[in-house]
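These notes concern the structure reproduced below.
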Number of protein chains: 2
Amino acid sequence: MAKPYVIGIDMGGTNTAFGIVDARGNVIASSSIKTAKHAKIEDYIDELYDEISRMIAANEAEGKINGIGIGAPNANYFTGTIEDGVNLPWPTPIPLADMISEKFGIPCVITNDANAAAIGEMTYGAARGLKDFIMITLGTGVGSGIVINGQMVYGHDGFAGELGHVIMKRHNGRTCGCGRTGCLEAYCSATGVARTAREFLEIREDDSLLRDYDIDSITSKDVYDCAVKGDKLAQDIFEYTGNILGEALADFTTFSSPEAFVIFGGLTKSGEYIMRPIRESYEKNVMGVFKGKTKILISELKESDAAVLGASALGWEIKED
Amino acid sequence: MAKPYVIGIDMGGTNTAFGIVDARGNVIASSSIKTAKHAKIEDYIDELYDEISRMIAANEAEGKINGIGIGAPNANYFTGTIEDGVNLPWPTPIPLADMISEKFGIPCVITNDANAAAIGEMTYGAARGLKDFIMITLGTGVGSGIVINGQMVYGHDGFAGELGHVIMKRHNGRTCGCGRTGCLEAYCSATGVARTAREFLEIREDDSLLRDYDIDSITSKDVYDCAVKGDKLAQDIFEYTGNILGEALADFTTFSSPEAFVIFGGLTKSGEYIMRPIRESYEKNVMGVFKGKTKILISELKESDAAVLGASALGWEIKED
């Protein structure tokens, strides 16, 4: 029998959120600390240990934690290590899983943020019961977590599922944070939507509520606010974004023919302004044999809890010996 | 214990090849019949049964056949059915697996041609020991078979692995047999190479041995023959083809991060004329985290035996009760 609780830790460059989660996906208790406060990773882990231990004690959960799951940028499930090239205040690679499980005396599994979200969705959310689905996270970047035949796809090196970096524009594409050009992420992340807004405002000449904003600091939230008010240019920005995302999803289907895509992250707050063009573009672009078969769903995880929930779900993978 | 032999059947629109295969991948005996000769599927299966029974008897293999594997166009592994929209002389869908296993009294599994090739490669060929690889078949079309974590990817409906139909040119792309435009298959199949040859001959003005051929009937073999003789235009055609294929493989890696791609089919006979540009384009285009990690291999299956071998490997999936 698995123990009744798991700990989920969502480690970001700025904040680290964590919580105790039960088998039904209820977050029993949660809190956070500043990631960047500590110059040394050891001090960070000490503070995390103190805070989580206090939380465990307050909830009478001592000895009842099945495992600790961590979602972190560039975290490798196979090696338990945070690899190079991430926005964290410490030198990489960091053998995080080992450090945490030694400190806590509880088994620890880590994976990247998007995979954690997919596992969370499969365990507690819109993908319950699905064996073949693809999670797409639309945030600052575009992440993905792929589940095939009920199993997370990690690839031979643990880095599978970088669908934000398929090339959507092979000529004259936007620069991407990965150092290449034309990536899906450069168009369909929240940042990508803001870039599209700036492009549209420069190229087009029609009136728009967006012209009242400072063009250099427009956000995807501003675009949504204007779209809701009936602003044509703002709505066209979502149309453009959804169209590209639909084209991308249509290509992904040729790979694993999923039963559903689950879309997660801030951009989904724009609701049908973004979801309708995604669905329309997907059905228009997908190969005949796949038409009408694949659902495009919005995540059912509460945004505030999602990262912790997703990470926590990894804690159930640990089997008692 | 599995029985010592399997039957592989490669069902094409024109011919059906079949053979008896042992556990080491030796084709003990093989033959073929005309697929299109019979107006009724039942008559076709009768002839296949007579021919294969004779072969089994001649090789003293009665009672020693573990299973029958069939590779066929649009064959669905899950349903055992050949689905609609294929170039076969009989009405579809055809419940082929059931019809064959009833007639022969031997369990039968079917899948599409490219998946059969991938299973063959994993069982007997270049992918032995690999748990994560993608088979790309370059023939009249471009097919694919994807293996993740040692398992064939079928998708929720059995139609996964249509990588010949990801979109490589979103504007002004070539028409594809699937009814859309810009698909990988329209550029990188043998037919695609011939189309490129015709385009190059029309657009460019430099001398080429290819100008001695009838432009409307140029084949990828003609392009190879000229490339070998040092013809620059012919070599550029492979450069163009390999470049697109490398871009496509780089995108596929973001999905499943395979240990290797295995390239199969007629076009691989062009050797380094096609393989060098594929490898160079792949390394140039792939995302940083994947650089230098993934091998691009040529199939080790003998072309003449490959389809039968690949199909036969499915026969090992059948476990004796």
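The values are calculated or read from the model by the stated rules, or taken from the named source; none is laboratory data. Quick caveat, the model's predicted, so the values are computed rather than measured. Cβ atoms come from the backbone with ideal geometry, glycine included; neighbour counts cover every protein chain shown.
Here are a few things to note about the model shown:
- Top-ranked residue of the stretch B:15-44 - restricted to ones that are under 18 Å from B:Thr111 (Cα atoms) and hydroxyl-bearing (Ser, Thr, Tyr), ranked as surrounded by the most Cβ atoms within 10 Å (Cβ to Cβ): B:Thr16
- Selection within the stretch B:81-123 - under 26 Å from B:Leu163 (Cα atoms), in a loop (DSSP other than H, G, I, E, B) and at pLDDT below 95: B:Glu83, B:Asp84, B:Gly85, B:Val86, B:Asn87, B:Leu88, B:Thr92, B:Pro93, B:Asn112
- When the stretch A:171-183 is filtered for residues that are surrounded by 15 or more Cβ atoms within 10 Å (Cβ to Cβ), touching a helix residue (DSSP H, G or I) at 6+ places or on another chain (Cβ under 7 Å) and within 8 Å of another protein chain (Cβ to nearest Cβ), only A:Cys178 remains.
- From A:Ala160, A:Ala194, A:Ala186, residue being within 14 Å of chain B (Cβ to nearest Cβ) and in a helix (DSSP H, G or I): A:Ala186
- Exactly one residue out of A:Ile82, A:Ile70 is among the hydrophobic types (A, V, I, L, M, F, W, C) and closer than 20 Å to A:Val27 by Cβ: that is A:Ile70.
- Taken over the stretch A:247-306, residues that are of a type in the set (Ser, Thr, Tyr) and either at pLDDT below 95 or assigned by TED's automatic domain parsing to the domain that holds A:Val21 (or both) amount to 4.
- Of everything in the stretch B:100-121 that is within 14 Å of chain A (Cβ to nearest Cβ) and of a type outside the set (Gly, Ala, Ser), the residue that is surrounded by the fewest Cβ atoms within 10 Å (Cβ to Cβ) is B:Asn112.
- Scope the stretch A:125-157; condition outside any loop (DSSP other than H, G, I, E, B), of a type in the set (A, V, I, L, M, F, W, C) and within 12 Å of chain B (Cβ to nearest Cβ); matching residues: A:Phe133, A:Ile134, A:Val142, A:Ile146, A:Val147, A:Ile148, A:Met152
- Residues of the stretch A:230-261 that turn out to be away from chain B (no Cβ under 14 Å) and either within 18 Å of the chain's Cα centre (by Cα) or part of a helix (DSSP H, G or I) (or both), as a count: 10
- Of the residues screened, A:Met275 is not one that is surrounded by fewer than 23 Cβ atoms within 10 Å (Cβ to Cβ), at the interface with another protein chain (Cβ under 9 Å from one of its Cβ atoms) and touching a helix residue (DSSP H, G or I) at 6+ places or on another chain (Cβ under 9 Å).
- Checked against the criterion of being surrounded by fewer than 16 Cβ atoms within 10 Å (Cβ to Cβ) and away from chain A (no Cβ under 14 Å), the candidates B:Lys291, B:Lys284, B:Lys221 yield just one match: B:Lys221.
- Of all the listed residues (B:Ser53, B:Ser30), the sole one being touching a helix residue (DSSP H, G or I) at 6+ places or on another chain (Cβ under 9 Å), free of Cβ contacts under 8 Å to residues at least 60 places away in the same chain and more than 30 Å from B:His156 (Cα to Cα) is B:Ser53.
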